[in-house]
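Notes follow the structure.
The values are calculated or read from the model by the stated rules, or taken from the named source; none is laboratory data. Note that the structure is a prediction, hence the values are computed from the model and not measured. A quick note on method: Cβ atoms are made from the backbone with ideal geometry, for glycine too, and the neighbour counts reach across all protein chains shown. When the accessible area is computed, the model is the full protein with side chains, heavy atoms only, and any ligands, DNA or RNA have been set aside. Shrake-Rupley method; radii C 1.70, N 1.55, O 1.52, S 1.80 Å.
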Amino acid sequence: MALSIIDIIEKKKFNKELTKQEIQFWIDGYSKGKIPDYQSSALLMAIRLNGMTKNETFNLTDAMMHSGEIIDLSKIKGVTADKHSTGGVGDKTSLSLCPMVAALGLKVAKMSGRGLGFTGGTLDKLESIPGFSINLTSDAFIRQVNSIGMSIIGQSESIDIADKKLYALRDVTGTVDSIPLIASSIMSKKLASGADCILLDVKYGSGAFMSTKESAEELAKIMVEIGTYFGKNVQAEITSMNQPLGLAIGNILEVIEAIETLKGKGPKDFTELCLSSGATMLLQGNIFKNREAARTALKECIASGEAFNVFKKFVEAQGGDVSYIDNPKKFPTALYKHEIHCLKSGYITSINTMALGIESMHLGAGREKKEDIIDPTAGIILNKKLGDKVEKGSLLLTLYTEKEIDKTATQSINNYFEISDKPIHVGSPVEELITYSKEKKEFTILSE
Ligand code: URA
């Protein structure tokens, strides 16, 4: 019997499991414009309300992945690696981590996205380096990864056609916050991008998509299982976004912090995330057999300048002006610099990270709508982090912007920080590492 989209919507409305053929029919029809937005919206909402079984989520990922081109990285010599973060505030990890692991022999072939709302995007950060191009032909991309060990480019228009249409539709139909839809959206893109090993950084907390650690774990597990099922080495770390990562939020400010980190002078939490994620990626790629040895090698490639050198070669290969990398003082600075001081003494016990991400976006560092133009100089530099002791009147953070700053900013920004009498313990940003064994059909969770 011929399939019908109305029957498929009806079936999901009553929470019955869709078959592989039905899911394939929907995704194929929607990608080719044969099924309209209004029917896909109804089906998305039925999925959002009723969830999906594991089989349905796997089949959806499969259908989405095959809705466009699958990138062939077989001409790259060595183990290819990719990483993906679910997005956060001050997340410049790819800029430092990729050169670190490339310096030790992994081949990083990465496609990244732009920032939207309170989260930043790797492409916007890279484009704040004068001359840097995120557009390479697939031949040039492969040549560059072979010659210098890494490349980061924009997502090709031809991969995962279904996700581009579905994500835009989910955004305007209240159907973004669905674990099976998020998992299939992320994994279909990552699988179509072709790398052998994928490290997922699933963030939770006040500045992340997933507000609780439990929901982050649920998303991480299904994504790791999907990736393993499709024959890739996929692992996920659960990391805290209960404070911005590092001290810098905003494009040029974050590029400068990533450079400092590659020179061994980065903030403690961000450096720890790069070392921990780097060690995991090197183990995934079988470059090292032991985590401690991998961490030591990563520290050595920072100390020797090798990781920084890879970053310079990467910037140069993609047209960026390396004189800015050698001398970050050359980067333009914002017109206004406004210091915010603490209104109270004590210990910082909580930070509304999303509010800081939104503040940074309003300063010009991010986009409210896709079409908005970013000011690369805008953003925030934190002077204090979670757990720090502060004195009334001491510097809390500095705002950078081309816009006039509202006189009430000191009070409103202080409201994003909870300051108490008692100190708190702040652990490593990487809290768990999740792997899945296909043979044993079980997860292993390593806790920090
Ligand atoms: N990022 C994605 O790529 N897809 C989602 O659905 C959510 C976050």
Could you identify the single residue in I159, I134, I129, I142 that is in a helix (DSSP H, G or I), more than 16 Å from the chain's Cα centre (by Cα) and more than 10 Å from the ligand (Cβ to nearest atom)?
I142
Among the residues of segment 50-72, are any of a type outside the set (A, V, I, L, M), in contact with a Leu (Cβ under 7 Å, 6 or more places away or on another chain) and more than 30 Å from A279 (Cα to Cα)?
yes
Looking only at segment 59-85, which residues are open to solvent by 10 Å² or more (accessible area, probe 1.4 Å) and within 16 Å of the ligand (Cβ to nearest atom)?
M65, S67, G68, H84, S85
Residues of segment 96-126 satisfying the condition of being in a helix (DSSP H, G or I), among the aliphatic types (A, V, I, L, M) and touching a Leu at 6+ places or on another chain (Cβ under 9 Å):
L97, M100, V101, A103, L126
Any idea which of A42, A46 is open to solvent by 20 Å² or more (accessible area, probe 1.4 Å), away from the ligand (no atom under 15 Å from the Cβ) and farther than 30 Å from K299 by Cβ?
A42
Tally up the residues in segment 378-396 that are over 24 Å from the mean Cα position of the chain (by Cα) and open to solvent by less than 40 Å² (accessible area, probe 1.4 Å), please.
4
State all residues of segment 420-432 that are closer than 21 Å to G246 by Cβ and in a strand (DSSP E or B); if no residue qualifies, say none.
V430, E431, E432
With respect to F288, determine if the residue is over 24 Å from the mean Cα position of the chain (by Cα) and among the aromatic types (F, W, Y).
yes
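Yes/no matrix, rows are residues, columns are (1) surrounded by 17 or more Cβ atoms within 10 Å (Cβ to Cβ); (2) free of Cβ contacts under 8 Å to residues at least 60 places away in the same chain; (3) assigned to a helix (DSSP H, G or I):
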| residue | (1), (2), (3) |
| --- | --- |
| K370 | no, no, no |
| Y400 | yes, no, no |
| K407 | no, yes, no |
| E418 | no, no, no |
| T444 | no, yes, no |
In segment 86-114, how many residues are polar (S, T, N, Q), more than 26 Å from S31 (Cβ to Cβ) and within 16 Å of the ligand (Cβ to nearest atom)?
2
Please go through segment 195-206 and pick out each residue that is modelled with pLDDT of 95 or more, assigned to a loop (DSSP other than H, G, I, E, B) and open to solvent by 10 Å² or more (accessible area, probe 1.4 Å).
D196
Looking only at segment 168-179, which residues are more than 10 Å from the ligand (Cβ to nearest atom) and either hydrophobic (A, V, I, L, M, F, W, C) or at negative phi (or both)?
A168, L169, V172, T173
Would you confirm whether or not segment 333-346 contains a residue that is in contact with a Phe, Trp or Tyr (Cβ under 7 Å, 6 or more places away or on another chain), open to solvent by less than 20 Å² (accessible area, probe 1.4 Å) and within 28 Å of V108 (Cα to Cα)?
no
Can you give me the number of residues within segment 186-204 that are away from the ligand (no atom under 14 Å from the Cβ), of a type outside the set (D, E) and in contact with a Gly (Cβ under 8 Å, 6 or more places away or on another chain)?
1
